[in-house]
1. What residues have an amide H closer than 5 Å to that of residue 115, excluding those fewer than 5 places away on the same chain, when H is modeled at 1.01 Å from N in the peptide plane?
2. Nearest 500 deg cm²/dmol is fine: what mean residue ellipticity at 222 nm does the chain get from its DSSP H runs of n ≥ 4 alone, each adding -39,500 (n - 2.57), divided by its residue count?
3. Out of every Cα pair in the chain, what percent are spaced more than 18 Å from each other?
4. For segment 34-117, max minus min Cα coordinate along each principal axis, in Å, sorted largest first?
5. Once amide H atoms are built 1.01 Å from N in the peptide plane, which residues 5 or more positions from residue 34, or in another chain, come under 5 Å H to H?
6. Determine the gain in length on full extension of the stretch residue 79-residue 106; use 0.36 nm per residue of separation and subtract their C-alpha separation, reporting nm with one decimal.
7. Taking a cut-off of 11 Å, what percent of all Cα-Cα pairs in segment 77-129 are separated by more than that?
Amino acid sequence: MTVPIDSIVILGGPDLPFRTSAGYRFSLQHPAATLIISGTPAETSLMQQLLTRSYGYTREILVDGNSFSTMDNALHTRAVLLQRHSQSLAIVTSSWHMPRTVAIFRWVFSLSDIHLTFIPATVSTPRPRIQILEAFKWIVFWLVQRRHSTKY
């Protein structure tokens, strides 16, 4: 059974214009879905400008400007979706960021009935500094997950 998408979250990060564009294009296919942008205050400000000024997006945008990590993105988004009684979520991020995003969102949402769909934004391979940072963040997530054997 296919669950209709009722929420879409675009995650902030280094490839912000690509992620925002992919999220916008996906939202056009799901006009009833609530659009959420999640990231730092600067990232969400830029995403909102891109969506409204560059793409002409006129529907409501829920803004989470207090997420400074992928774990924050997942936790804050889950809180919003539980409050709104959402049943499904599409997560938009860069293709290179997707493996860790899938792991974190599945872990954070594991005790909810919210159906998750992952939408990769195609981008070029990140700079070596970003690749090293991503590897480090995988290690941190692994340690957090091991330490907290119970789920969020």
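The numbers here are math on the coordinates, done by the rules we state, and not lab data. All values reported here derive from a predicted model rather than from experimental measurement.
1. Distant-sequence amide H within range of residue 115: 88, 89.
2. Numbers: 5 runs with 69 residues, N = 152.
For the chain, the value works out to -14500 deg cm²/dmol.
3. 55
4. Ordered largest first, segment 34-117 gives principal extents of 37, 28, 21 Å.
5. 7, 8
6. Extra length from residue 79 to residue 106 when fully extended: 8.3 nm.
7. Counting every Cα pair in segment 77-129, those more than 11 Å apart make up 71 percent.
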